[in-house]
């Protein structure tokens with residue numbers, strides 16, 4: 001096949017993604033002196049896409065006593081079932097207070113206040129103090145709007161919209177990541193970008209499940225590209241399911257999160273019999289951690305106590321309509337769009353795939369083990385362990401995005417612009433264009449739907465060895481089906497082609513999830529094995545995954561705190 005011509009661009013820093021991590025990195029790079037040239041590639045529309053914008057609940061941060069950094073750290077590693085990289089978790093809690101001040105004073109965010117003018121902090125599940133800073137229940141919109149305004153005003157940053165990355169580019173011999181091959185979705189034209197440093201900040205987003213919360217442009221692109229480039233992944237079996245995803249039949253809004261603050265404020269979960277069921281699973285009831293509440297709701301469904309629609313009821317109406325409307329206006333309006341009145345009646349919800357705790361292994365400098373590659377946000381693993389606390393996600397993305405920007409700026413003087421391997425560019429383009437050669441080949445969409453159902457049933461909230469073996473075999477069949485699938489038409493604005501590319505990234509991520517879940521023969525955090533319902537005993541371990549190798553167990557290093565309380 002004759003390959004089409006492609007464009008080339010040179011830059012100092014290439015940022016893939018424009019959520020909280022990418023935006024904070026760009027702002028920190030803009031503040032460096034001298035400011036480097038930054039190119040930001042956005043799969044969707046700048047300031048309008050990605051998962052940070054969808055954050056409702058808020059941002060965990062220690063601002064005043066009796067809360068403390070030590071308490072936030074303990075809550076984070078305890079909630080993570082002691083699988084966290086403790087140095088990364090400490091960075092999260094230590095840097096979060098400064099980042100919130102930066103968001104207000106540098107970016108212009110304005111969070112809700114107490115009557116005395118101090119920043120209001122509300123309760124979230126799994127935390128010993130009220131530490132979640134917020135802007136009503138639309139916190140993510142406030143953060144992304146203000147950050148994107150500031151980035152748009154920086155002279156050193158160029159933003160490419162509706163341009164997706166399809167492959168990381170390597171130097172001759174593969175010793176260094178030197179940029180990425182991009183695809184302009186509007187024209188179908190490839191752009192090879194040469195960069196001195198590349199930051200993966202695409203967000204994870206487990207949208208390969210039948211019910212899922214993230215925005216639909218999230219398809220594990222960054223994790224999959226890093227995996228194919230040779231990066232090490234960790235704890236990919238740790239997929240978080242949020243307990244309260246809105247159920248609205250076949251509408252696209254199904255799976256959208258009704259945020260943690262509802263349960264923090266006192267909302268109840270009831271099954272189809274009207275029973276408030278959380279007490280039979282955990283003494284904390286609805287304020288237990290996300291993994292516990294999600295699994296408890298799923299157990300109710302499996303026991304036949306769910307509604308005909310496959311859900312349970314979330315009810316906050318007992319707190320009064322005025323209270324609900326004042327504190328949860330965004331969610332009240334969203335529920336009204338699909339026929340529910342959150343302020344006065346129960347709303348139908350289900351566990352929904354929400355977040356990947358696993359991801360690319362990084363160090364405290366956001367380096368991924370491949371020279372020239374940095375990772376921040378949900379593309380990275382280690383911060384949250386086996387379960388993420390609500391409110392720690394947007395904190396992670398902004399903290400580590402800013403940190404990555406600082407580290408990259410400091411290291412740029414010693415980071416040369418190394419050319420890519422031209423044969424790698426040609427192979428990547430040929431690979432991406434392959435489905436156009438297949439004529440009347442089967443379409444990709446039945447494969448996508450089979451994958452979503454497979455992951456929900458066989459590798460979802462409750463797993464066992466037999467189901468995981470079936471999932472692995474089915475994924476191999478789906479991979480072969482993907483190789484045979486074709487797309488019609490030409491390359492410009494071809495949604496079928498984009499979904500073919502998305503499916504490859506999903507399959508890469510799903511295979512690592514199933515491999516990790518098979519290897520971890522214990523239950524811990526968000527990973528629950530019905531055939532191994534207890535912790536495995538001994539020292540907790542992370543599971544490292546590398547291409548072509550069996551998963552490796554690495555004992556967790558308790559560098560700051562151990563499960564027995566010793567420092």
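Numerical summary
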| quantity | calculated |
| --- | --- |
| Cα gyration tensor category, rounded, prolate or oblate, for region 187-251 with a/c compared to 1.5 | oblate |
| Extension gain from residue 65 to residue 112, taking 0.36 nm per residue of separation minus the Cα-Cα distance | 15.1 nm |
| Inter-label distance for residue 101 and residue 189, nm, one decimal - labels placed 7 Å from Cα along Cα-to-Cβ | 4.7 nm |
| Per-residue Cβ neighbour rank within 10 angstrom, fewest leading, 181, 3 | 3, 181 |
| Pairwise centroid distance, computed over Cα atoms, of region 61-86 with region 434-485, Å | 38 Å |
| Stretch gain in nm, segment residue 411-residue 130, where the contour uses 0.36 nm per residue and the Cα spacing is subtracted | 97.4 nm |
| Listed peptides 505-512, 255-262 by packing density, highest first (mean Cβ within 10 Å) | 255-262, 505-512 |
| Within the chain, percent of DSSP bridges classed antiparallel, to nearest 5 | 65 percent |
| Gained length - residue 35 relative to residue 421, 0.36 nm times residue gap less alpha-carbon distance | 136.2 nm |
| Residue exposure sequence - 215, 24 - by fewest surrounding Cβ within 10 Å | 215, 24 |
| R0 of 41 Å, Cβ-Cβ distance residue 519-residue 333: FRET efficiency to nearest 0.05 | 0.40 |
| Cα centroid separation - region 503-558 against region 263-289, whole Å | 29 Å |
| Region 18-83: C-alpha gyration tensor shape, a/c 1.5 cut-off, then a/b vs b/c | prolate |
| Tensor-based shape of region 405-515 (alpha-carbon gyration tensor, a/c under 1.5 rounded, otherwise prolate or oblate) | oblate |
| Fewest-first ranking of 202, 158, 332, using other Cβ atoms within 10 Å as the exposure measure | 158, 332, 202 |
| Region 7-38 and region 327-384: distance between their alpha carbon centers, rounded to Å | 23 Å |
| Within the chain, helix-based [θ] at 222 nm, where runs of 4 or more DSSP H residues each add -39,500 (n - 2.57), nearest 500 | -10500 deg cm²/dmol |
| Length-normalised contact order of region 435-533 in % [C-alpha pairs under 8 Å, at least 6 apart] | 40 percent |
| Relative contact order computed over the chain (Cα-Cα under 8 Å; 6+ residues apart), in percent | 22 percent |
| Read-out percent of Cα pairs over 31 Å apart, derived from the coordinates shown; its label in (i) 45; (ii) 59; (iii) 50 | (i) |
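Read-outs throughout are calculated quantities, based only on the coordinates presented, and are distinct from any laboratory measurement. The structure presented is a predicted model; accordingly, all values stated were derived computationally and were not measured. Positions of Cβ are generated from backbone atoms using ideal geometry, with glycine treated the same way; all protein chains shown enter the neighbour counts.
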